[in-house]
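Bear in mind these aren't lab numbers, they're just calculated from the coordinates by the rules spelled out. In this text, all values refer to a predicted model and were calculated from it rather than measured experimentally. In this analysis, Cβ positions are derived from the backbone assuming ideal geometry, glycine residues included, and neighbour counts consider all displayed protein chains.
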Amino acid sequence: MNEQNQVATREQTTPVQTAKRMRVVAPLVDIYENEDELLLQADVPGVAKEDVNVRVDNGTLTVSATRRVNGDGNAQWLEFGEAEYRRSFSVPQTIAVDKVRAELKDGVLTLHLPKSESAKPKQIEIKAV
């Protein structure tokens, strides 16, 4: 079997996604914590800002986003097709929900989840008596 036939055979066994089938994908995330906030970064490549939904409800953070393919013509081969990203996390009740910020840049969704003042560590002053 020559090299050209081997490549063609390998391509035939690669799974093909059609534009009509949208798969659900759990985005990869990194989560950091400091004194002021939790910082969550989620990989959502190919997603437009309008197609992202972030919700905090009763201690659950839900991130969902849809990647749409806007190709011209009939798709002959799609491996990076449409997808719905969806993932949920439990978050502490001490998150200041009204101050949560979200940014989308270069396919990375960054969520700033600030801690409420009561949840931040406090230094206790010791008085000499």
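Can you sort 89, 80 from fewest to most other Cβ atoms within 10 Å of each residue's own Cβ?
In order of increasing Cβ crowding within 10 Å: 80, 89.
What translational diffusion coefficient, to the nearest whole µm²/s, does region 54-129 have by Stokes-Einstein, given a Kirkwood radius computed over alpha-carbon pairs, a temperature of 25 °C and 0.890 mPa s viscosity?
Details: Rh = 16.2 Å.
It comes out at roughly 152 µm²/s.
For region 38-129, which trypsin sites (Lys or Arg not before Pro) are both in a DSSP coil and crowded by at most 16 other Cβ atoms within 10 Å?
Of the trypsin sites (Lys or Arg not before Pro), the ones in loops of region 38-129 whose Cβ has at most 16 other Cβ atoms within 10 Å are 68, 122, 127.
Within region 73-113, report the GluC sites (Glu not before Pro) that DSSP leaves as loop and that have at most 14 other Cβ atoms within 10 Å.
Working: sites: 79, 82, 84, 103; in loops: 79, 82.
Loop-located and lightly packed - 79.
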